[in-house]
Structures are given as structure tokens and as C-alpha cells.
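Asks: I have a structure I would like to understand better, so I am pasting it below and will then ask my questions one at a time.
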Amino acid sequence: MSILVNEDTKVLVQGITGGFGGRHAGLSLDYGTALVAGVTPGKGGQNFEHGDHKVPVYDTVAEAMAETGATASAIFVPPPFAADAILEAVEAGVDLVVAITEGIPVMDMMRVKEIMKGSKTRLIGPNCPGIVTPGTGPDSTGGCRIGIAPGYIHKKGTVGVLSRSGTLTYEAVWQVTQLGYGQSTCVGIGGDPINGTSHLDVLKLFNDDPETEAIIMIGEIGGSAEEEAAEWAKEFCKKPIAGFIAGATAPPGRRMGHAGAIVSGGKGTAEAKKEAMADAGMVVAETPSGIGQALLDAWGK
Amino acid sequence: MNIHEYQAKELFDRFEVPSPRGQMAETAEEALKIAQEINSDLMVVKAQVHAGGRGKGTFKNGFEGGVHLTKSAEDIGSIAGKMIGQTLVTKQTGEEGKLVRKVMVADAVDIKHEYYLAVLMDRETSRPVIVASTEGGMDIEEVAESSPEKILRVFIHPLAGLQAHQVRKLIVGLGLKGPAAKAFGKVLKNLYRLFASLDCDMVEINPLVETPDGEVLALDAKFGFDDNALYRHPEVEAYRDIEEEDPREVAAAEFDLSYIGLDGNIACLVNGAGLAMATMDAIKFSGGDPANFLDVGGGATEAQVKGAFNIIQSDPKVEAILINIFGGIMDCNVIAQGVVAAVKETGLKLPLVVRLEGNNVAAGRETLTASGLAITGADDLADAAKKAVAAV
């Protein structure tokens, strides 16, 4: 088991003919992902070729789904067109949309989120590294990789990893792998102020997943999603959690790279988040180098 | 991105949010002429810099105060002459101060009451919220702390927009009556239209004043724009005043780097925003002070790394450099080659600690070793931070 995706999940890529989308579609194929279709308006009928793989490209998401049975979509569409791409996938009835695109205007995401209410589609991101459920092959291949994370750092296992940022997630994943453990699923929920899936949403999924034994939750300054998740975990989470929060030294009022990483009006500080997480019984690491040890401490290994 | 007060007034004029009559001047003569046109009993002249605390600031030529009220147009002209071309130091500018190039001359209106009015993007609900209070002219966070019942909030549906009943609710809540109630309703509708049309993440009017004649005017405003949406508002982007920005940040923007200047002495160069923040934290945790936030991004080129390295090295406050790279997809050797190329050009003047991990790390480490440069290697981030702090 895993959450959100597994080795059987059929994936399509919106924006597969772009440089960035194409490069990562290729890496996902190498990883063993069941990448079955691409979508680029106006390029239907072509093929996306990578090594021995030949992936058909369609004009619309609806066509791609009907022809290939894809149930998940990765979005690599440039920011001005990304909101529309997400909504196309939602309207076509995709189960899972993973929006990798960085730089989507907040107003666009606000409307997308409102329109998505009541739909069956779950959105991860935007501005996120995506999802990896490691496989059992060499270098964890044979699993499902949607997005831009490096596949080889993963290992099949029982630790659920959840984070807003990319490289910080890779650090945590790498440490878990180096310690000889592995991951059930790794989810990057993205660094934007408005996103589709929150820390709390993913925490609940890991809590219900029989394969996940322990959880790493990584957050950063801005908003109150980590506090919300900690409050829930305090009462309901059955599994040990290790945590880390980035941005303790960030000056207030400045956006630290991620659109959502900002302390404003005294809200969203690292201190408040760490406190809420510790209060919920999580073991919070002081630096990213300590995430692996925090996991072992929380897990009692 | 910040904008000047006179630019805020231009936006208010465009969206019919009333504000006192006034205009920007670049010379004392222009200021005098504007004051003569306003021709009011009381007028105000304000230095235009991107910093708060102007009223209590001091110019380096000894002239006191970046905001002055006066009754005569001639005084406006002479005061403007003492401000323009001079450097204003306020509690927010730091010792170096800010050069004043422009002033704003405006009518100083009679005030019956000061209100607070803002439209913000609320993260928790993913929708805009209007915040209003009868306690204008003060720090709104203090009001929220001491008398939370005096803060009114109305959430706006993202697709339906501001509704008439919501406007009425705020009018009643603020106790507005007669012509002022009507005027406030118009201000609110136009302010929300401005917020939504220009992709703002904040427009705050403090104070919003009611005059004895029942007029409602925006006296001072703060704007926040969504940087990701500026591409569809070129007229707003044109308001950017790079003279007001940190020159290190301007240089970084040219290389498409995400950089924020800080006051410490240990510079860092990192890939990924989360890891870059965590690197700053690790420096602090080891007893040092970070000089900057710098994210070279997930797909940095050798030229970008070189550019980043040069910006760091030219900062006089910096005494040591920490490079922290987790190469997921990114090739560690590209980073290593960028660093070596930059150092070959400028020379290595400062202690340099490098922590490389991930994709092609062996080649990256080899490139650094083969360069013969005095680079201190590190096992992980905590180790790197300790070594960088020890090197200062």
C-alpha cells in the first residue's frame, strides 16, 4: 500500500512537449511510472518518444483519459495557462492532479480552488516537487513518480514524507534511505499560499495507510497549515511523527523564495509552528541534518 | 514590490477611490506650483521613499522631518527644496538613509474621524477578506490585540465578488450615517475592484478619513502585489523603482536568482527555497549570522552560480561563504564548475565551506579538489554551518 498513487496508477502529462515537462516525463518513464499519455493542445496525434517508449499525445485531457484510462495528471504548463489546465483535468474527471508549475497567480488559484469544491478530483500543489511512491526495483524503480523529484534517492519502505519544499524533502528522503529505511510515499504539497492539499490532508492519508509506520512532516514559515495539522495529530494520529520547520531566521514581511513563505503581522512564525508540533508529541529537528535522527527518536528505533 | 505614495494615489484616481488633492514634484519649483494650484488653508509635503517613519526622520543636511504641514505655498516650495536631493534617515532606512528624489504635495484635509480599511488575501479561507475598524490611524495589530471586537471582517466569495449586503454590514458596523455612509460604500466597492483587477495581495488604507463635509478619503495606503501576476499588469510593474531596492537584490534579479539581503556576515548559496531558509537557520543555530537568503533554483546554470558567487563576494559585510547543495536532478558538478569559474575570475578572498550531496557528487567534489582552491569540505549541513561560523 501507499497513498495517492502506486505502480499501477496510469499517468498523463499536460505540457509533455515542453522542455521541462518532456525532460521529467522521460525521467518518470525511466523510473517505471505507467506514463500512458501526454496532452498538448494542437499537437494531438504526435508521439512523445523517449528511449524505447512511445507515448501518444492528445489535444485534450478528456481524449487522453478515454483512450488510455489515465487517472492522474501532472501539470507542466506555463503559469499563465496553468489554472486552465488544472480545470480542464478537473472537468475531465481525473482523480488526481499534481501541479508542478511555479508562479501561478494567487487569484487564479483562488478561483480554481472554489470551482473544484464538490468535484472528485484531488489537487496537489501547485509549485510542488510532486509525488513518489518508490518501487521495488534497483534504485527504487518500478514505482510511480509524478513530478520532478529525483527517483534514485528513494527506497521502498514504511516512512511517509510530507513537505512544502523540494530540496528539503530530498534531504529527508535521502537520510531515511541512508539509515536503511524507506518510504511508503513522498508528497510535496508546494510552497504557494493557496494549494490544493494541505499538511493535514496528507497526514490523515498517512494515518489511514496500513503500510505507513512513521511520518516526517516538513514545513516552513507562513500561514498556519502546520499548526492545524499538529492540532489534529495531537488527538488523532496513531503514528510517530518527526518534523522540521524552515525559516526561523527569515525577516518578517519578506517572501523567502516561495510565494507562501512569509511572516506577516506576527503570524506564520517558525517558533509558533515548532511549538505546536512539539506540543502534539512530534520530535522536531533543529537543522535538516537532524531529521533522520528525529525520525529514529520518534519511532523508537 | 513596493510603490510610492504618489503612485498609490494614481491607482486610487484610476479606480475612483477618493484621496486628497495632490501631486508629485521633482523640483522645488514644481512643488510650489502644485501648492499654488491646491491653494488650501493647510497643505502637506512628504518625502517619497520606500520606508516608514518619515515624519520623525532626519535629513543628513540636518533638516528635521520628512513630512511637513504648512499654510503657505511658498513654504511648501522652500521645504521641498530642503528635501529633494538630500538623504533621509528614518528608523526603517538604517544609518545610510535614502536619497529623496521626489516629494508629494497634497491638501491637508480636516478630519472628523479616522477609520481603518483593508482588503487582504486570506490564506486560511483561500478568499479575500475586508478588514475594517473605527480605530483608524493606529497600529491595527495593536487594536486587534487590545480590542478585537473593534475589528470587522467580511469574507468575499471568489467567484461572486463583493455583495451589497456586505457593504451595508460594514457601514452599520462602523456606525457611518448620511453622506459619509454613501461615500464609504463607494470607496469600498471601488477599492475591492482595484484589489481584484490588479492582482493585489493587500491594499491597506490607514487612515481612511471622514471629513466634516461627509467626504471619505484615503489618506495613507500600503499596497502589496502578487509578483506572479505582474506579467498581466505592465503599468504596475512600471512603478518599480530600483533606486529604492537593495542593489544586491537588483543584481541578483538580473541572473534570475532569488536573493534577499540580510545583516549578518556569513553568506550562503543554496538550491531550493526551503533548503536555503534551513541553511540560514543552521548558521544561526551554530552561533553565526546569515548575510543573505539565496536560492539558485532547481536548474541553475554555471553562469547563474558564477553570478551568485560574485554578488556574495562583493558584499563588504560578508566574512565567510557557505555553499549547500543537494543535487537531486541538478548535477553537483555544474555547481562546482560554476564556483571554480567564479573564483578564477575574482580570486577567493574569503573562507569557503562547501557541502555537496546527491547527483554526480563525486565529480563535483573532484572538480573542487582539482582546482587547488582553499575550500573546506563538510559532511552535512550542520557540519558545514559549524565550519563556516568557526571560519569567521
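The values are calculated or read from the model by the stated rules, or taken from the named source; none is laboratory data. Since we're looking at a predicted model, the values are computed, not measured. Cβ atoms come from the backbone with ideal geometry, glycine included; neighbour counts cover every protein chain shown. For the accessible areas, the whole protein counts, side chains as well, though only heavy atoms, and no ligand, DNA or RNA atoms are used. Shrake-Rupley method; radii C 1.70, N 1.55, O 1.52, S 1.80 Å.
Asks: Report, by residue number, each residue of the range B:319-354 that is touching an Asp or Glu at 6+ places or on another chain (Cβ under 8 Å) and assigned to a loop (DSSP other than H, G, I, E, B).
Replies: Within the range B:319-354, B:350, B:351 meet the criteria.
Asks: Identify, from the list B:48, B:36, B:23, the residue that is in contact with a strand residue (DSSP E or B) (Cβ under 8 Å, 6 or more places away or on another chain) and open to solvent by 30 Å² or more (accessible area, probe 1.4 Å). Break it down stepwise before answering.
Replies: On the way: B:48 fails: open to solvent by 30 Å² or more (accessible area, probe 1.4 Å); B:36 fails: in contact with a strand residue (DSSP E or B) (Cβ under 8 Å, 6 or more places away or on another chain).
Being in contact with a strand residue (DSSP E or B) (Cβ under 8 Å, 6 or more places away or on another chain) and open to solvent by 30 Å² or more (accessible area, probe 1.4 Å) holds for just one of B:48, B:36, B:23, which is B:23.
Asks: Right, another one. When both residues are 6+ apart or on different chains and their Cβ atoms are under 6 Å apart, which pairs have a first residue that lies in the range B:138-150 and is without any contact (Cβ under 8 Å) to a residue 12 or more places away in the chain, and a second that is open to solvent by less than 90 Å² (accessible area, probe 1.4 Å)?
Replies: Matching pairs, first to second residue: B:141/A:265; B:144/B:151.
Asks: When the residues of the range A:203-232 are filtered to those that are under 23 Å from residue A:262 (Cβ atoms) and open to solvent by 10 Å² or more (accessible area, probe 1.4 Å), which remaining residue is farthest from the chain's Cα centre (by Cα)?
Replies: For the range A:203-232, the residue satisfying everything is A:231.
Asks: Where residues in the range A:157-184 are within 17 Å of residue A:201 (Cβ to Cβ) and away from chain B (no Cβ under 12 Å), which of them is surrounded by the fewest Cβ atoms within 10 Å (Cβ to Cβ)?
Replies: A:184
Asks: When you go through A:166, A:223 one by one, which is the residue that is on the phi > 0 side of the Ramachandran plot and of a type outside the set (A, V, I, L, M)?
Replies: On the way: A:166 fails: on the phi > 0 side of the Ramachandran plot.
Going through A:166, A:223 in turn, just one is on the phi > 0 side of the Ramachandran plot and of a type outside the set (A, V, I, L, M): A:223.
Asks: Collect the residues in the range B:259-275 that are more than 21 Å from the chain's Cα centre (by Cα) and within 7 Å of chain A (Cβ to nearest Cβ), keeping them in residue-number order. Let's see the steps before the verdict.
Replies: Within the range B:259-275, the first condition is being more than 21 Å from the chain's Cα centre (by Cα), and the residues that meet it are B:265-272, B:275.
Within the range B:259-275, B:271, B:272, B:275 meet the criteria.
Asks: What is the number of the single condition among (1) in a loop (DSSP other than H, G, I, E, B); (2) within 14 Å of another protein chain (Cβ to nearest Cβ); (3) surrounded by fewer than 21 Cβ atoms within 10 Å (Cβ to Cβ); (4) of a type in the set (Gly, Ala, Ser) that residue B:372 does not meet?
Replies: Here residue B:372 meets the rest and fails (2).
Asks: Among the residues of the range B:246-257, what is the count of those that are within 22 Å of residue B:51 (Cα to Cα) and either without any contact (Cβ under 8 Å) to a residue 40 or more places away in the chain or open to solvent by 80 Å² or more (accessible area, probe 1.4 Å) (or both)? Before the answer, list the steps.
Replies: First, the residues of the range B:246-257 that are within 22 Å of residue B:51 (Cα to Cα): B:246-253.
Applying the additional criterion that residues be either without any contact (Cβ under 8 Å) to a residue 40 or more places away in the chain or open to solvent by 80 Å² or more (accessible area, probe 1.4 Å) (or both) yields B:246-247, B:249-250, B:253.
The qualifying residues number 5.
Asks: Something else: Within the group A:108, A:95, A:84, A:139, which residue is under 18 Å from the mean Cα position of the chain (by Cα) and among the acidic types (Asp, Glu)? Show your work before the answer.
Replies: Working: A:108 fails: under 18 Å from the mean Cα position of the chain (by Cα); A:84 fails: under 18 Å from the mean Cα position of the chain (by Cα); A:139 fails: under 18 Å from the mean Cα position of the chain (by Cα).
Checking each option against the conditions leaves just A:95.
Asks: Considering only the range A:233-245, I want to know if a residue exists there that is open to solvent by less than 10 Å² (accessible area, probe 1.4 Å), modelled with pLDDT under 95 and outside the structural domain of residue A:102 (by TED's automatic domain parsing).
Replies: No.
Asks: Sticking with this structure for a sec: Identify all residues within the range B:319-344 that are open to solvent by 10 Å² or more (accessible area, probe 1.4 Å) and either closer than 19 Å to residue B:373 by Cα or of a type in the set (A, V, I, L, M) (or both); write none if there are none. Give the derivation first.
Replies: Step one: list which residues in the range B:319-344 are open to solvent by 10 Å² or more (accessible area, probe 1.4 Å), which gives B:319, B:329-331, B:333-334, B:337, B:340-341, B:344.
Within the range B:319-344, B:319, B:329, B:330, B:333, B:334, B:337, B:340, B:341, B:344 meet the criteria.
Asks: Quick check on the range A:229-243. Is at least one of its residues at negative phi, within 12 Å of chain B (Cβ to nearest Cβ) and in contact (Cβ under 8 Å) with a residue 12 or more places away in the chain? It would help to see each step written out before you state the result.
Replies: So in the range A:229-243, the residues at negative phi come out as A:229-243.
The next check asks that each one be within 12 Å of chain B (Cβ to nearest Cβ); those that pass are none.
No, the range A:229-243 contains no residue that is at negative phi, within 12 Å of chain B (Cβ to nearest Cβ) and in contact (Cβ under 8 Å) with a residue 12 or more places away in the chain.
Asks: Out of all the residues in the range A:72-81, is one or more within 14 Å of another protein chain (Cβ to nearest Cβ), touching a residue at least 40 places away in the same chain (Cβ under 8 Å) and surrounded by fewer than 19 Cβ atoms within 10 Å (Cβ to Cβ)?
Replies: Yes, some residue in the range A:72-81 is within 14 Å of another protein chain (Cβ to nearest Cβ), touching a residue at least 40 places away in the same chain (Cβ under 8 Å) and surrounded by fewer than 19 Cβ atoms within 10 Å (Cβ to Cβ).
Asks: Go through the range B:276-318 residue by residue and tally those that are in contact (Cβ under 8 Å) with a residue 60 or more places away in the chain, within 11 Å of another protein chain (Cβ to nearest Cβ) and either under 26 Å from residue A:192 (Cβ atoms) or assigned to a helix (DSSP H, G or I) (or both).
Replies: Selection size over the range B:276-318: 5.
Asks: Which residues, counting only those in the range B:110-168, are within 12 Å of another protein chain (Cβ to nearest Cβ), of a type outside the set (A, V, I, L, M, F, W, C), outside any loop (DSSP other than H, G, I, E, B) and open to solvent by less than 40 Å² (accessible area, probe 1.4 Å)?
Replies: B:122, B:128, B:161
Asks: Name the strands (runs of 3 or more DSSP E) wholly inside the range A:1-69 in which the number of residues that are among the aromatic types (Phe, Trp, Tyr) and either touching a strand residue (DSSP E or B) at 6+ places or on another chain (Cβ under 6 Å) or buried (at least 21 other Cβ atoms within 10 Å of the Cβ) (or both) is 1 or more. Even if it seems obvious, please write down each step before you answer.
Replies: Working: elements: A:10-14, A:34-39, A:47-50, A:53-58.
Hits in the range A:1-69: A:47-50, A:53-58.
Asks: Further, regarding this structure: Where residues in the range A:255-266 are crowded, with 16+ Cβ neighbours inside 10 Å and either out of contact with any helix residue (DSSP H, G or I) (no Cβ under 7 Å at 6 or more places or on another chain) or over 21 Å from residue A:196 (Cβ atoms) (or both), which of them is nearest to the other protein chains (Cβ to nearest Cβ)?
Replies: A:256
Asks: Residues that are touching a Leu at 6+ places or on another chain (Cβ under 8 Å), at least 3 per element: which helices (runs of 4 or more DSSP H) completely within the range A:193-284 meet that? Walk me through how you get there before you give the answer.
Replies: Working: elements: A:199-208, A:225-236, A:270-279.
The helices (runs of 4 or more DSSP H) meeting that bar are A:199-208, A:225-236.
Asks: So, in the range A:136-150, exactly how many residues are touching an Asp or Glu at 6+ places or on another chain (Cβ under 8 Å) and open to solvent by 10 Å² or more (accessible area, probe 1.4 Å)? Don't jump to the end; show me each part of the working.
Replies: Of the residues in the range A:136-150, the ones touching an Asp or Glu at 6+ places or on another chain (Cβ under 8 Å) are A:141-144.
If we keep only those that are open to solvent by 10 Å² or more (accessible area, probe 1.4 Å) as well, we get A:141-142.
Residues meeting the conditions: 2.
Asks: Next up: Might you check whether a residue that is open to solvent by 40 Å² or more (accessible area, probe 1.4 Å), part of a helix (DSSP H, G or I) and more than 9 Å from chain A (Cβ to nearest Cβ) occurs anywhere in the range B:222-236?
Replies: Here is the first cut: in the range B:222-236, the residues open to solvent by 40 Å² or more (accessible area, probe 1.4 Å) are B:222, B:227-228, B:231-232, B:234-235.
The next check asks that each one be part of a helix (DSSP H, G or I); those that pass are B:227-228, B:231-232, B:234-235.
If we keep only those that are more than 9 Å from chain A (Cβ to nearest Cβ) as well, we get B:234-235.
The answer is yes; a qualifying residue exists.
Asks: All but one of (1) modelled with pLDDT under 95; (2) under 27 Å from residue B:200 (Cα atoms) hold for residue A:90; state the number of the condition that does not hold.
Replies: For residue A:90, the failing item is (1).
Asks: Right, something else. Determine whether residue B:357 is assigned to a helix (DSSP H, G or I) and either touching a strand residue (DSSP E or B) at 6+ places or on another chain (Cβ under 8 Å) or open to solvent by 50 Å² or more (accessible area, probe 1.4 Å) (or both). Reasoning before the result, please.
Replies: Details: assigned to a helix (DSSP H, G or I): no; either touching a strand residue (DSSP E or B) at 6+ places or on another chain (Cβ under 8 Å) or open to solvent by 50 Å² or more (accessible area, probe 1.4 Å) (or both): yes.
When the stated conditions are applied, residue B:357 does not pass them.
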